[in-house]
Amino acid sequence: MKDFDSNKRREFLKASAILAGGAVLSSLPLAGAYAAGKGTIKIALVGCGGRGTGAAFQALATKHDVQLVAMADAFQDRLDKSYESLFGKFGKAKVNVPESKRFVGFDGYKQAIADADVVLLATPPGFRPIHFEEAVKRNKHVFMEKPVATDSPGIRKVLATAEEAKQKKLNVVVGLQRRYQNNYRETIKRIEDGAIGDVVSGQVYWNSGGVWVRPREANQTEMEYQMRNWYYFNWLCGDHITEQHVHNIDIANWVKNSYPVSAQGTGSRFLRTGKEYGEIFDNHTVEFLYADGAVIQSQCRHYEGTKNRVDESFQGTKGKVYLSANNDGKLWDYKGNSLYDHAGKNDPNPYQTEHDELFAAIAAGQYKFADAERSAMSTMTSLLGRYATYSGQEIKWEDALNSDINLMPDTFAWDAKPKILPDANGFYPIPMPGKTKVI
Ligand SMILES: NC(=O)c1ccc[n+]([C@@H]2O[C@H](COP(=O)([O-])OP(=O)(O)OC[C@H]3O[C@@H](n4cnc5c(N)ncnc54)[C@H](O)[C@@H]3O)[C@@H](O)[C@H]2O)c1
């Protein structure tokens with residue numbers, strides 16, 4: 001897709017505006033996909049780790065007739081643990097996955113997807129474009145976790161598949177759950193209605209202490225090591241600016257109802273330099289420039305023992321806003337008068353809401369959710385930020401989106417070689433601003 005230019009940008013804005021209201025897009029079911037009144041909605045889980053198991057739990061906890069019928073994971077032990085916990089919670093009536101429907105390895109996703117009406121995709125994000133493509137090809141509705149890719153070729157595949165899903169009227173919900181959280185919905189609706197004027201600047205943060213390390217074990221192939229320790233390899237994870245901070249970057253795009261035209265920034269491996277941390281940076285600070293001149297500052301870091309901050313602030317021509325996943329949504333004018341304060345409301349869990357809404361639409365035969373395109377755009381925005389910090393250059397949106405640098409291995413097998421390999425001492429090559437090529 002070499003021509004993702006300003007025409008496409010205008011189309012995207014138009015489409016986002018339509019979807020922002022959550023309107024029913026169509027009530028015509030697609031032949032082959034789940035149709036209203038068909039009975040039990042069969043789901044398959046691909047990627048049975050922490051979030052995948054949680055997503056299956058939420059799908060099964062909706063008030064609809066939902067049954068888990070197939071599971072796929074790269075690793076037997078991950079699949080077994082997930083199956084045991086879901087079966088223990090819901091029993092045979094809802095978790096009907098005989099051993100013949102538990103698929104292990106790189107290719108199991110195909111069989112699991114074939115068996116379901118709705119597919120939950122929750123592997124590390126590098127695989128998302130491949131799994132999403134297969135699900136839509138097979139006419140399945142989809143819940144998929146964020147981020148939706150780790151490189152630009154992956155984003156382009158997701159955009160093409162998003163288009164196919166729209167043509168086929170398949171519902172697609174993406175786990176950017178702030179989009180399903182009341183404080184964000186209510187507060188951003190007021191911003192869209194003009195409460196703080198035009199948004200001209202903002203600051204978005206994911207500052208935390210970092211995540212797990214799964215140390216190398218004896219007899220592991222390099223592929224198995226990287227798959228187990230996926231957070232620290234870009235082909236699998238995308239770096240934490242993508243894996244975590246995409247949530248906050250997506251809020252910037254939502255508030256701007258757009259996405260940036262360029263980015264510049266700085267980042268490094270400052271404190272987290274050990275070989276167990278693969279190739280990713282531990283800090284990124286990026287300025288995203290939007291077409292109307294607005295600048296959003298983004299900051300994310302994994303520094304243990306420092307102040308945690310995960311939230312978003314924006315300034316408009318008439319007032320300002322503070323948002324966070326702790327149900328905050330506060331608007332003020334510049335005299336300090338409160339224009340709206342969402343805090344303190346007893347809101348539902350957005351992880352549950354995204355499944356409640358998706359399964360309600362599917363059960364009613366409605367086509368209501370087309371999250372893939374905007375989620376691909378927000379994932380792309382996080383990649384644009386990573387390209388800026390890794391290269392030390394100012395990167396333009398179109399160049400970033402059209403980058404042909406493909407991080408994925410040529411072959412998926414336990415004895416195949418990922419593209420990034422350690423040196424004799426076990427250290428991986430790390431991005432070097434001024435030298436690293438990103439486009
Ligand atoms: N929305 C949120 O707040 C949220 C929270 C946590 C995680 N996530 C996202 O969910 C995804 C999974 O994260 P997690 O924390 O559950 O990680 P995890 O490591 O616990 O689970 C990932 C699972 O996928 C499996 N897997 C890897 N490659 C596979 C393949 N090719 N086919 C089948 N299975 C494969 C792994 O073996 C593992 O069991 C990530 O994209 C992450 O960003 C989202």
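The values are calculated or read from the model by the stated rules, or taken from the named source; none is laboratory data. Quantities reported herein were computed from a predicted structural model and do not represent experimental measurements. Ideal geometry is used to build each Cβ from the backbone, glycine not excepted, and the neighbour counts take in all protein chains shown. These area figures cover heavy atoms from the full protein model, side chains too; ligands, DNA and RNA do not enter into them. Shrake-Rupley method; radii C 1.70, N 1.55, O 1.52, S 1.80 Å.
Return the FRET efficiency for the residue pair Arg51, Arg214: r is the Cβ-Cβ distance, R0 is 25 Å, and the value is rounded to the nearest 0.05.
0.95
Taking the mean number of other Cβ atoms within 10 Å as a proxy for protection, how do you rank 306-316, 71-81 from highest to lowest?
Most protected by this proxy first, the peptides run 71-81, 306-316.
If the cut-off is 28 Å between C-alpha atoms, which lysines fall inside it for Lys89, apart from same-chain ones fewer than 8 positions away?
Within the straight-line cut-off, Lys89 pairs with Lys38, Lys42, Lys63, Lys81, Lys101, Lys110, Lys140, Lys146.
Between Phe270 and Ser338, take the C-beta separation as r, use R0 = 45 Å, and let me know the FRET efficiency to the nearest 0.05.
Given R0 = 45 Å and the Cβ-Cβ separation, E is 0.70.
Run the numbers on the stretch 320-439 and let me know its relative contact order in percent, using alpha-carbon pairs under 8 Å that are six or more apart.
16 percent
Note down, for the chain, the three equivalent ellipsoid semi-axes (square root of 5 times each alpha carbon gyration tensor eigenvalue), biggest first, whole angstrom.
31, 29, 20
I'd like the Karplus ³J(HN,Hα) series for the stretch 255-260: coefficients 6.51, -1.76, 1.60, θ = phi - 60°, whole numbers in Hz, and an x wherever there's a Gly or Pro.
Whole-Hz 3J(HN,Hα) from phi for the stretch 255-260: 5, 7, 6, 6, 8, x.
Which ³J(HN,Hα) values, rounded to whole Hz and listed in residue order, are derived for the stretch 345-362 from phi using the Karplus coefficients 6.51, -1.76 and 1.60 in 6.51 cos²θ - 1.76 cosθ + 1.60 with θ = phi - 60°, glycine and proline given as x?
6, 8, 7, x, 5, x, 5, 7, 4, 4, 7, 4, 6, 5, 6, 5, 5, 5
For a Förster distance of 45 Å, can you work out the FRET efficiency between the beta-carbons of Met432 and Ala93, rounded to the nearest 0.05?
Result of the calculation: an efficiency of 0.25.
Mind running the shape call on the stretch 76-156? Use the C-alpha gyration tensor, a ≥ b ≥ c as the square roots of the eigenvalues: rounded below 1.5 for a/c, prolate if a/b tops b/c, oblate otherwise.
The shape class here is prolate.
Per DSSP helix of 4 or more residues, -39500 (n - 2.57); summed, then divided by the residues of the chain. What does that give at 222 nm, rounded to the nearest 500?
Only helices count here, giving -10000 deg cm²/dmol.
When only C-alpha pairs under 8 Å and at least 6 residues apart count, what is the relative contact order of the chain, in percent?
Contact order relative to length: 21 percent.
Measure off 7 Å from each Cα along the Cα-to-Cβ vector at Ala35 and Lys318, then give the distance between these two points in nanometres to one decimal.
So the two model labels end up 4.9 nm from each other.
Whole number in Å², please: accessible area per residue of the chain, 1.4 Å probe, ligands, DNA and RNA not counted.
40 Å²
So for the pair Lys345, Glu394, with labels modelled 7 Å out along Cα→Cβ, what separation do we get in nm?
Spacing of the two 7 Å Cα→Cβ label points: 4.0 nm.
Show me 84-97, 420-433, 292-305 ranked by packing, highest mean number of other Cβ atoms within 10 Å first.
292-305, 84-97, 420-433
Rounded to two decimals, what is Rg over Rh for the stretch 327-439 when you use alpha-carbon atoms and the Kirkwood radius?
1.14
Would you mind telling me the share, in percent, of accessible area of the chain contributed by carbon and sulfur at probe 1.4 angstrom?
50 percent
Under the rule of at least 5 residues apart or a separate chain, name every residue whose amide H is placed under 5 Å from the amide H of Ser268.
Distant-sequence amide H within range of Ser268: Asp282, Asn283.
Check Trp206: other-chain or 5+ apart residues with amide H under 5 Å from its amide H, H built from backbone geometry?
It is Gln299, Cys300, Arg301, by chain and number.
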